[in-house]
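Before any comments, here is the structure.
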Amino acid sequence: MHGKTLEEQIKIVEAFVKDFANDRIALVTSGGTQVPLEKNTVRFIDNFSMGTRGATSAEYLLATGYTVLFMHRESSLLPFSRHFHSLFSMLQVEDGKAVSSDAKLINNIQKAAQYSSRILFVPFVTLDQYLHLLEALCTVLKPLHERVLVYLAAAVSDFYIKHDDLPTHKMRTEEVSLPLSVVPKNLQRLVENIVPRAFVVSFKLETDESILVEKARKALSSYGHQLVVANMLQTRKEHVVLVDNEKEEHIRLHDKSKEIEEEIIHNIKERHSEHIANSGKAQ
Ligand code: PAZ
């Protein structure tokens, strides 16, 4: 999907979703957004996220039966290939041909092949592209109602520079100014108007633990969705708090050979099943 317009991306997503109209579909967002500082962009604001959470979660979602729309920052980590930083360390050459007997590599290639028909990659780079794509993909998924899980793991910028405030050319050192505006939160509108019957999970990242749960609760009440996964920058790979309207549930990773996303997805799948069952009762 690289280099495609939004309209072209939407057409591909519509065609993909049609084949899975009776399945559970997860829309996973992953990686950081880029915020341009100039119209002819040389510099931009970015963040630390490499998309590990999103890519790892997508693997467990596929394994547990979901079809996945993987909306990711271009060049961030992808499911299955995320395990490999360099192919050179695994390379063996026999009779002038590249071969590999690396079990982990072969296992992940097999899994990628096994799930390739159930995952669609939808890339974005800028904050603007992210916001437009998210709304468009939710609109495509709307008719699937409760079967949709929206899993918002991307690290989305809170600040941007309005188009009219952007300098056209590369900012000069003698005139540096960053007139930042706060990004309008569109999640409430998505939850209320576009996917009101879906199970929507957002993530909340903080660095000060004393405000983590309070911020998660604030997000829940502002957006009206089902669940916030709250995590701290420093411990995000071994501890998360699942915050819903009633309680807080801590997930802690005790076995370091495992990944916390396995438990997160297991827990969320159960909550999603309950959401689907309850919606049936309500009708
Ligand atoms: O990409 P990563 O695995 O390094 O980090 C994951 C994360 C911390 C970006 C994610 O778990 C998260 O909290 N996303 C939401 C961030 C926020 O906007 O609060």
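The values are calculated or read from the model by the stated rules, or taken from the named source; none is laboratory data. Computed from a predicted model, the values in this text were never measured in an experiment. All Cβ positions, glycine included, derive from the backbone under ideal geometry; neighbour counts span all protein chains shown.
Looking only at region 197-209, decide whether some residue is among the acidic types (Asp, Glu), outside any helix (DSSP H, G or I), touching a strand residue (DSSP E or B) at 6+ places or on another chain (Cβ under 9 Å) and exposed (fewer than 13 other Cβ atoms within 10 Å of the Cβ). Checked against the condition, which is being among the acidic types (Asp, Glu), outside any helix (DSSP H, G or I), touching a strand residue (DSSP E or B) at 6+ places or on another chain (Cβ under 9 Å) and exposed (fewer than 13 other Cβ atoms within 10 Å of the Cβ), region 197-209 yields at least one hit.
Scanning region 23-54 for residues that are of a type in the set (S, T, N, Q) and touching a residue at least 12 places away in the same chain (Cβ under 8 Å), which turns out farthest from Ala136 (Cα to Cα)? Here the answer is Asn40. Look through Ser222, Ser202, Ser210, Ser181 and report the one residue that is more than 15 Å from the ligand (Cβ to nearest atom), of a type in the set (S, T, N, Q) and at pLDDT 95 or above. Only one candidate passes the filter, namely Ser210. Taking first residues from region 221-232 that are β-branched (Val, Ile, Thr) and partners that are assigned to a strand (DSSP E or B), the Cβ contacts under 6 Å between residues at least 6 apart in sequence or on separate chains come to Val228/Ser202; Val228/Lys204; Val228/Val243; Val229/Phe203; Val229/Val240; Val229/Leu242.
Could you check, for region 45-52, whether at least one of its residues is outside any helix (DSSP H, G or I) and more than 9 Å from the ligand (Cβ to nearest atom)? Walk me through how you get there before you give the answer.
Of region 45-52, the ones outside any helix (DSSP H, G or I) are 45-51.
Right, trim to more than 9 Å from the ligand (Cβ to nearest atom) and you get 45-46.
Within region 45-52, one or more residues are outside any helix (DSSP H, G or I) and more than 9 Å from the ligand (Cβ to nearest atom).
Checking each residue in region 194-224 for being under 24 Å from Ser30 (Cβ atoms) and of a type in the set (S, T, N, Q) picks out Ser202, Thr207, Ser222.
The residues in region 96-148 that are over 30 Å from Asp46 (Cα atoms), assigned to a helix (DSSP H, G or I) and among the aliphatic types (A, V, I, L, M) can be counted, and the count is 6.
Taking the conditions (1) within 16 Å of the ligand (Cβ to nearest atom); (2) farther than 26 Å from Arg24 by Cα; (3) not acidic (Asp, Glu) in turn, Leu227 satisfies each one other than (2). Across region 61-76, the number of residues qualifying as within 14 Å of the ligand (Cβ to nearest atom) and surrounded by 22 or more Cβ atoms within 10 Å (Cβ to Cβ) comes to 4. Among the criteria (1) more than 17 Å from Arg53 (Cβ to Cβ); (2) in contact (Cβ under 8 Å) with a residue 12 or more places away in the chain; (3) more than 11 Å from the ligand (Cβ to nearest atom), the one Ile251 does not fulfil is (1).
If you filter region 112-127 down to residues that are touching a residue at least 24 places away in the same chain (Cβ under 8 Å) and touching a helix residue (DSSP H, G or I) at 6+ places or on another chain (Cβ under 9 Å), you find that the one that is surrounded by the most Cβ atoms within 10 Å (Cβ to Cβ) is Phe124.
Looking at Thr41, Thr52, which is the one that is among the hydroxyl-bearing types (Ser, Thr, Tyr), out of contact with any strand residue (DSSP E or B) (no Cβ under 6 Å at 6 or more places or on another chain) and surrounded by 15 or more Cβ atoms within 10 Å (Cβ to Cβ)? That would be Thr52, the only listed residue that is among the hydroxyl-bearing types (Ser, Thr, Tyr), out of contact with any strand residue (DSSP E or B) (no Cβ under 6 Å at 6 or more places or on another chain) and surrounded by 15 or more Cβ atoms within 10 Å (Cβ to Cβ).
Can you find, within region 24-38, the residue that is surrounded by the most Cβ atoms within 10 Å (Cβ to Cβ) among those that are within 15 Å of the ligand (Cβ to nearest atom) and outside any strand (DSSP E or B)?
Within region 24-38, the first condition is being within 15 Å of the ligand (Cβ to nearest atom), and the residues that meet it are 27-35.
Adding the requirement that they be outside any strand (DSSP E or B) leaves 31, 33.
Numbers: Gly31: 30, Thr33: 25.
The selected residue is Gly31.
Here's the yes/no breakdown for (1) at positive phi; (2) in contact with an Asp or Glu (Cβ under 7 Å, 6 or more places away or on another chain); (3) surrounded by 12 or more Cβ atoms within 10 Å (Cβ to Cβ); (4) not aromatic (Phe, Trp, Tyr):
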position: Asn108; (1), (2), (3), (4): no, no, yes, yes
position: Thr139; (1), (2), (3), (4): no, no, yes, yes
position: Lys142; (1), (2), (3), (4): no, no, yes, yes
position: Val182; (1), (2), (3), (4): no, yes, no, yes
position: Leu190; (1), (2), (3), (4): no, yes, yes, yes
